1. Tally up the carbon and sulfur contribution to the accessible surface of segment 52-216 as a whole percent, 1.4 Å probe, everything protein left in place.
2. Which semi-axis lengths, in whole Å and largest first, follow from the square roots of five times the eigenvalues of the Cα gyration tensor of segment 52-216?
3. How much length is gained if the chain between R24 and S158 is pulled fully straight, taking 0.36 nm per residue apart and subtracting their Cα-Cα distance, in nm to one decimal?
4. Grab the other residues whose beta carbon is less than 14 angstrom from that of N126, score K and R as +1, D and E as -1, and report the net.
5. Lys and Arg at +1, Asp and Glu at -1: add these up for the other residues within a Cβ distance under 12 Å of P33 and post the number.
6. What nm value, rounded to one decimal, do you get for the distance between K5 and D78 when each label is placed 7 Å out toward the C-beta?
7. Set the Förster radius R0 to 35 Å, insert the Cβ-Cβ distance between D44 and S110 as r into 1/(1 + (r/R0)^6), and round the FRET efficiency to 0.05.
8. Given Cβ point charges of +1 (Lys, Arg) and -1 (Asp, Glu) and nothing else, what value in debye, to the nearest 20, does the dipole of segment 85-182 about its Cα centre take?
Amino acid sequence: MSYEKERHMMVESQLRGRGIKDERVLGAMETVPRHLFAGPDMEDRAYDDCALPIGEGQTISQPYMVALMTELLELKGDEKVLEIGTGSGYQAAVLSLLASDVYSVERIDSLAVKAQKLLVDQMYGNVTVVISDGTVGLPEHAPYDGIIVTAGAPEVPSQYVEQLKINGRLVIPVGSRYSQVLYLIRKTLQGIERHVSTGCVFVPLIGKDGWTATEIY
Ligand code: SAH
């Protein structure tokens, strides 16, 4: 089953209907087979208006949140983007259609391996999945035009801003373990501009500059 009809309805009602305007983002989400990333157990719920479990206590984000965060990056097509928190690989697949190079970091081996295989099988060839602690960014490929963090951080890890180009954008949920605020941070020659986008709930960003594993329970 290809779920084309469900995907189209998701784009029209959950995304366009709620104010997502970037046609490139809408087009990418009309194309990427979210049901393959949700996995066989969740396939029939893949286009529902919610986050879904993907194993290891992690989740694939709600479609609207994926669209909103991606739109905030304002991608035109020739950017190098860093994602922290590969999870299922769905957000990385969306980014791959909108930027020229995507690096995606995941701390849980099993999720990273599964996501990388799916991304290769589905021909998202410009995505590189790296297994490491993403709270320190990915210095070896910096600087980035955009950094998107798909796990909630207690505060903004300083390395992310350092690894952005001037005029680069960072989209990151920051707050407590159970609820966060989505920030859009732009690096300018004069310093940092910070905008609040919306309230949100993400699984925790765990690592050196994030939460410690024991703090989360
Ligand atoms: N973007 C994903 C959803 C991510 S859920 C998707 O489209 O499916 C958040 C992910 O962040 C989880 O897989 C979790 O393991 C990962 N994560 C948490 N802390 C991390 C860290 N320090 N470095 C890299 N990945 C991290």
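1. Working: 3650 of 6830 Å².
With neighbouring chains kept in place, the figure for segment 52-216 is 53 percent.
2. On the way: eigenvalues 86, 76, 43 Å².
So the three semi-axes of segment 52-216 are 21, 20, 15 Å.
3. Details: separation 134, 0.36 × 134 = 48.24 nm, distance 3.01 nm.
Answer, rounded to one decimal: 45.2 nm.
4. Working: positive: K80; negative: D78, E79, E83, D101, D145.
Residues close to N126 contribute a combined charge of -4.
5. On the way: positive: R7, R34; negative: E4, E6, E30, E43, D121.
Net local charge, P33 excluded: -3.
6. Result: 4.2 nm between the two label points.
7. Details: r = 23 Å, r/R0 = 0.66.
About 0.90, to the nearest 0.05.
8. Details: 6 positive and 9 negative charges, 45 e Å.
Around 220 debye, computed over segment 85-182.
The values are calculated or read from the model by the stated rules, or taken from the named source; none is laboratory data. Since the structure is predicted, the reported quantities are computational estimates derived from the model, not experimental observations. Please note: Cβ atoms are built from the backbone with ideal geometry, for glycine as well, and neighbour counts cover all protein chains shown. Heavy atoms of the whole protein, side chains included, go into the accessibility calculation; ligands, DNA and RNA do not. Shrake-Rupley method; radii C 1.70, N 1.55, O 1.52, S 1.80 Å.
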